[in-house]
Amino acid sequence: MFGSKIDLLKREWLDVVFAKKNKEYGAYVLRQNNGSNTTKSLFFTSIVFILIFMAPKIYALISGMLPEPPPEKMVEVVMQSPPPINPEVKTPPPVEPPPPKQDQIKFPPPIVKPDNEVRDEEPPKTEDLKKADPGQKTIEGDPTADIVQIAAAGEGPKQAQIVEDNTVYNFVSMENPPNYPGGMEKFYEYLGKNIKYPPMAAENNISGNVFVSFTVEKDGSITDAKVDRKLGYGTDEEALRVLRLSKRWNPGMQNGKPVRVKYNIPIKFNLQQ
């Protein structure tokens, strides 16, 4: 009826089949694009097959292009045997003390013994002891010899070490606390003459105390000045500035020696209207 050869994918045949049907349905679209979809599938399948087949050859080609890593260097380490242990160190013989500068007469201290062990030995005469020192045995002295101080074994000459006291003491517990030359009245007089009222504090009518602490060193200089209780508006900085510019104090004394002493004082800022 339609001829010997019927192509079911031709557009005329598809139009006849889907004449009274919904062409927006997927079956019509699939049949209409069947040729292009088959060609695309065949093309991509061929590419994947070629890549799988050529993968070993491509890997071998890339591997041959990469530089070979340098061979590892082998370092031969020769372990030497430890040195032999030294034999026992010979202790040097004890050094005999030099002869005393003055003659020495045997005059050992008395020891209580039984009568059968006591040997009759006459003690040295008083005249001999005037010319010689008593000792454990009689030794002839060398008037020209120098007196040598022999240190105990294993000990060298010792020197007296002076330990400096750097403890910071509280001025309340001091024998003689530090003080400003002329007394604290002179110190507050110095503060009153040198403090410049901060403009910010004056504009805001700020008055009150700035509590500061500082250390009076052994030479009377002031260090470690800081504010313990602030007033603000520039008063804290001004208090520290004037405090650090003050002259040296008389240092505190403890056991007759100058020591470091921590001091706490309030500095008053009073705005006069």
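Here ASN170 and LEU245 are evaluated by their C-beta separation; at R0 = 22 Å the FRET efficiency comes out at 0.35. Give LYS226/LYS257; LYS186/LYS257; LYS226/LYS247; LYS186/LYS247; LYS196/LYS262; LYS230/LYS268 a once-over and call out the pairs whose C-alpha atoms are over 23 Å from each other. Going by Cα-Cα distance, LYS226/LYS257; LYS186/LYS257; LYS196/LYS262 fall outside the 23 Å limit. Under 5 Å from the amide H of ILE267 lie the amide H atoms of VAL210, PHE211, VAL212, each residue being 5 or more positions distant or on a separate chain, with H modelled from the backbone and absent for Pro and chain starts.
Per-residue Karplus couplings for region 236-242, computed as 6.51 cos²θ - 1.76 cosθ + 1.60 with θ equal to phi - 60°, are listed in order as 5, 5, 5, 5, 5, 4, 5 Hz, Gly and Pro entered as x. Multiplying the residue separation of MET54 and THR223 by 0.36 nm and subtracting their alpha-carbon distance yields 52.3 nm.
Annotation: Cα Rg of region 176-221 relative to the compact-globule expectation 2.2 N^0.38 Å equals 1.50.
Read-outs: derived from the displayed coordinates by stated rules, not from any lab. All values derive from a computational prediction rather than experimental measurement. Positions of Cβ are generated from backbone atoms using ideal geometry, with glycine treated the same way; all protein chains shown enter the neighbour counts.
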